[in-house]
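Note sheet for the following structure.
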Amino acid sequence: MAERSLKASQKGIQLAKQALTSKRLFQKDLIGLVCQSRQPISKFFTGNPVDREIFVAICEKLSLKWQEITELPPVDELTKVEDNTFDIATLVTEVREKIKPLIEERCGTMRVLDMTQPIGLNDIYTNVNILEKITGRRRLGIEELLQQCTSDDFNHFGLVKITEKRLPALEAVEKHSKLMILGKPGAGKTTFLKYLAIQCIRGEFQAERIPIFITLKDFAEAANKPKLLQYITEHTIEGISKKRHFVKKEFIASIQDVITHGKALFLLDGLDEVKEEDSKRVLREIRDFSNHFQNNNFVMTCRIAAREYTFEKFTEVEVADFDDGQIATFATNWFKGKPVKPETFIQRLHDNNRIQELAASPLLLTLLCLAFEESGDFPANRSELYKEGLDALLKKWDAKRGIQRDQVYKRLSVQRKEDLLSKIALTTFERGDYFFKQKIAEQYITEYIRNLSGASTDEEALQVDSEEVLRSIEHHHGLVVARAKGIYSFSHLTFHEYFTAREIIFVKQSSEKALQSLVVHVIEKRWREVFFLAVGMSPSADRLLLLMKDKVDAILAEDENLQNLLLWSNEKSLAVNIQYKKAVNRGFYFALAVRDEVDIGHSGQILKSSFLCKTIFKLGDQITNFVLEKIFSKRESLEKKECVSLTLIEIIDTDYSIENFDNECILPLALSPETQQALLQLEEQLPRLDYKVNAFKKWWKFNGQDWADKFNAVMNQYHNSGDTNWQFTQQQKNSIKQYHDANVLLMECLNSNCYVNHEVRQYIEDTLLLPIAEIQPYQK
């Protein structure tokens with residue numbers, strides 16, 4: 001066991017007295033700083049033994065190294081000192097074994113949000129990365145931030161930070177003896193500290209140390225306001241005494257020896273959770289304690305944008321958002337052994353980039369996993385899913401952990417905060433301001449809070465309040481975050497779009513003016529998600545959908561040639577006997593007519609979004625990818641003169657690799673006997689080989705284009721698609737593209753999980769892709 005007391009050498013006493021003089025201090029001035037009585041001070045300056053902790057504290061206050069002040073032991077005791085090296089290692093092992101059950105109990109599980117039971121930390125943990133440069137402190141302009149976005153519609157704001165170097169968090173802890181980890185709400189800060197504690201107590205990380213996990217909120221609110229060292233020993237003893245019998249006095253000495261010899265890994269969690277009234281005391285304690293026992297390692301967590309804290313000897317880093325690999329790892333761990341396959345979850349995320357964007361937050365990823373686990377899919381009405389995510393950040397996350405934050409502006413209830421965010425969202429979204437300056441955000445806040453009951457009329461006071469409100473929204477909820485110094489955005493584009501739709505539907509109560517202002521943007525790609533969310537939020541989406549339909553029809557209304565195109569598509573669809581809804585038939589011929597001149601993506605999107613058919617043909621020049629599996633139904637169907645099904649199941653890429661296509665895309669065609677015979681002859685030209693055999697791919701490489709051209713010729717002859725030479729101008733091509741995309745949006749909205757009157761739904765489906773003249777009879 002290490003000696004519990006030290007004494008100063010004569011030279012050390014002389015140096016200490018010189019230090020007192022240079023600092024203009026007297027011995028009595030040290031009372032209260034390092035101890036509560038005069039006796040230890042007198043013993044120090046007279047060369048008598050003093051408690052080790054007090055001895056070291058006196059030296060530090062005098063800016064002296066205690067090792068240089070201490071009297072060296074006699075030569076015959078040097079062996080004992082050397083043996084203490086072994087003793088400390090042994091002591092660490094002994095203490096580790098005693099506190100291991102306590103650490104396992106306190107840090108070995110996690111339970112958040114609506115989990116029905118705790119889950120083992122190691123069963124779900126995903127490695128965390130950090131950024132060595134704090135995002136909100138970068139000196140970048142809005143133009144520079146926009147350049148860092150990865151797509152025109154800014155699908156994923158988190159990608160703005162990918163240019164910053166990411167470092168595994170474990171490496172950062174190894175690299176820095178004093179580390180402050182900053183992060184947004186739900187970024188995984190506490191989980192990471194718990195993981196450190198578990199790894200350390202199991203000897204898998206910094207095995208020479210003892211982990212000591214402290215929730216700073218609990219320390220701040222402990223009875224009698226103990227010193228940090230006292231709290232650590234008492235808190236540890238209280239936990240261990242429930243597990244086993246031991247001698248309290250000896251264990252206290254052991255813990256203090258471990259700390260004195262720098263063998264502890266202090267994990268201080270949630271500095272931001274300390275109440276304002278306790279803040280100064282707790283900060284002072286942490287500073288003094290970390291300076292006093294500086295040979296130990298310290299890792300502390302705090303939310304970004306919390307109160308201004310300064311720890312000069314701590315290195316600050318920021319938790320990085322999850323990337324795709326981390327999301328996949330988390331999902332794989334989550335769904336292990338459950339009916340839902342992680343691959344299904346990951347694929348559905350990839351299918352919806354807005355939901356995938358939320359998954360970059362560990363807290364929201366947990367919410368997505370919980371929601372997906374219930375039904376094996378995400379809710380059809382995404383607005384409900386986003387609302388649940390917002391509730392988690394606005395209310396549940398702190399409430400579930402018993403944290404009550406200081407309310408900066410008492411009049412801002414949760415609903416008022418949502419209304420404020422909705423106002424900011426619509427204003428900035430209409431202007432295309434995905435990023436906005438801090439002063440602009442504060443102006444929006446000032447305009448809002450000045451209209452609240454009892455608000456100050458003093459402009460300076462309102463300005464101060466607006467600054468605090470903005471900081472609290474970032475700190476408490478993480479919904480608006482600093483992207484660079486003085487520049488903010490919503491934390492996710494998804495939330496920006498959600499609050500924009502909320503302002504229109506709830507705050508402005510779906511007024512005619514608000515809806516008319518919205519449908520103006522029906523052809524703008526960046527507004528698509530806002531439309532989708534607005535429809536989902538509406539108690540009744542009838543009026544909004546009808547306004548959208550009118551706006552979509554108006555795109556081609558003034559062009560006689562394009563009205564004739566719609567008329568031709570309708571006439572051709574009526575001329576064939578295909579058992580599909582009329583809109584499906586019109587969609588087929590519309591796509592067939594424009595396929596060579598207008599890039600409308602997958603030509604069946606309108607039909608796919610209406611759930612009437614999975615897709616339609618990809619013909620003409622777009623058929624460079626074609627069918628690998630049997631194309632026609634059995635030969636006997638020809639003999640019976642039944643309809644033949646053309647099935648697009650597997651397609652070949654331009655580089656001749658194989659991809660899966662939608663094996664449900666079947667469109668029955670009422671083929672003439674001549675067409676059937678021509679198609680049969682084409683089928684017979686295909687090699688009778690398994691489509692996975694390389695020989696088939698080789699055949700296709702040299703013969704596929706010629707085969708596809710012949711197929712196109714047969715189909716064009718059958719459909720008479722070349723009987724009109726449209727010769728679209730560039731402006732008409734642009735209009736057709738807009739018309740197509742707007743109809744896709746309309747049908748996606750119509751068939752989302754929204755409330756729509758049956759007559760309204762029927763009217764929209766019946767008049768889809770009709771010319772204006774054909775629509776008018778339906779309006780009577």
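The values are calculated or read from the model by the stated rules, or taken from the named source; none is laboratory data. Just so it is clear, the model here is predicted, and its values are computed rather than measured. As a convention, Cβ positions derive from the backbone with ideal geometry for all residues, glycine included, and neighbour counts pool all protein chains shown. In case anyone asks, the SASA skips ligands and DNA or RNA and just uses the protein heavy atoms, side chains included. Shrake-Rupley method; radii C 1.70, N 1.55, O 1.52, S 1.80 Å.
Measuring with a 1.4 Å probe in the full set of protein chains, what accessible area per residue, in whole Å², belongs to the range 314-369? Working shown, then result.
Working: 2040 Å² over 56 residues.
Accessible area per residue: 36 Å².
Determine, for each peptide in 269-275, 426-432, the mean count of other beta carbons within 10 angstrom over its residues, then list the peptides with the highest first. Let's see the in-between values first.
On the way: 269-275: 21.7, 426-432: 16.3.
Highest-to-lowest ranking by the protection proxy: 269-275, 426-432.
Could you tell me the accessible area of residue 123 in Å² (1.4 Å probe, neighbours in place), rounded to the nearest ten?
100 Å²
Compare 194, 439 by solvent-accessible area with a 1.4 Å probe and give them largest first, with all protein chains kept in place. Working shown, then result.
Working: 194 40, 439 125 Å².
These residues rank, largest area first, as 439, 194.
For the modelled label position 7 Å from the Cα of residue 564 along Cα-to-Cβ, which residues of the range 731-750 have backbone nitrogen atoms closer than 18 Å?
From the range 731-750, the list is 731-736.
Beyond a 22 Å Cα-Cα separation, which of these cross-linked pairs lie in this structure: 165/189; 61/217; 98/225; 423/508; 313/439? Working shown, then result.
Numbers: 165/189 19 Å; 61/217 28 Å; 98/225 26 Å; 423/508 10 Å; 313/439 32 Å.
Table pairs above 22 Å Cα-Cα are 61/217; 98/225; 313/439.
Based on the Cβ-Cβ distance from residue 507 to residue 751, what FRET efficiency comes out when R0 is 22 Å, to the nearest 0.05? Spell out each step's value before the answer.
Details: r = 27 Å, r/R0 = 1.22.
Rounded to the nearest 0.05, the efficiency is 0.25.
Starting from 0.36 nm per residue, how many nanometres of slack lie between residue 391 and residue 313 once their C-alpha separation is accounted for? Write down the numbers at each step before the final one.
Working: separation 78, 0.36 × 78 = 28.08 nm, distance 3.70 nm.
Stretched out fully, the residue 391 to residue 313 stretch lengthens by 24.4 nm.
For the range 55-70, list residues with backbone N below 19 Å from a point placed 7 Å from the Cα of residue 21 toward its Cβ?
59, 62-65, 69
Which peptide among 483-494, 730-741, 342-353, 452-463 comes first, and what is the full order, when sorted by highest mean count of other Cβ atoms within 10 Å?
Numbers: 483-494: 21.9, 730-741: 17.6, 342-353: 15.5, 452-463: 11.0.
Going from most to least packed, we get 483-494, 730-741, 342-353, 452-463.
On a full-extension model of 0.36 nm per residue, what is the gain between residue 144 and residue 29, subtracting their alpha-carbon distance, rounded to one decimal in nm? Provide the component values of the computation, followed by the final result.
On the way: separation 115, 0.36 × 115 = 41.40 nm, distance 5.42 nm.
Here the segment from residue 144 to residue 29 would lengthen by 36.0 nm.
Can you pull out the chymotrypsin sites (Phe, Trp or Tyr not before Pro) in the range 1-69 whose DSSP state is coil and whose Cβ has at most 11 other Cβ atoms within 10 Å?
Values: sites: 26, 44, 45, 55, 66; in loops: 26.
Of the chymotrypsin sites (Phe, Trp or Tyr not before Pro), the ones in loops of the range 1-69 whose Cβ has at most 11 other Cβ atoms within 10 Å are 26.
Holding the Cα-Cα limit at 19 Å, pick out from 417/513; 525/549; 100/194 the pairs that are longer than that. Intermediate values should be presented prior to the final figure.
Details: 417/513 24 Å; 525/549 17 Å; 100/194 13 Å.
Listed pairs above 19 Å: 417/513.
If the chain between residue 134 and residue 167 were fully stretched, how many nm would it gain, using 0.36 nm times the residue separation less the Cα-Cα distance? Please list the in-between numbers first.
On the way: separation 33, 0.36 × 33 = 11.88 nm, distance 1.29 nm.
10.6 nm is the gain from fully extending residue 134 to residue 167.
Suppose all protein chains stay in the model; what accessible area per residue would a 1.4 Å probe give for the range 171-240, in Å²?
On the way: 2460 Å² over 70 residues.
On a per-residue basis, the range 171-240 sits at 35 Å².
Would you please give the FRET efficiency between residue 458 and residue 543, computed as 1/(1 + (r/R0)^6) with r the Cβ-Cβ distance and R0 = 56 Å, to the nearest 0.05?
Numbers: r = 43 Å, r/R0 = 0.76.
Here the calculated transfer efficiency is 0.85.
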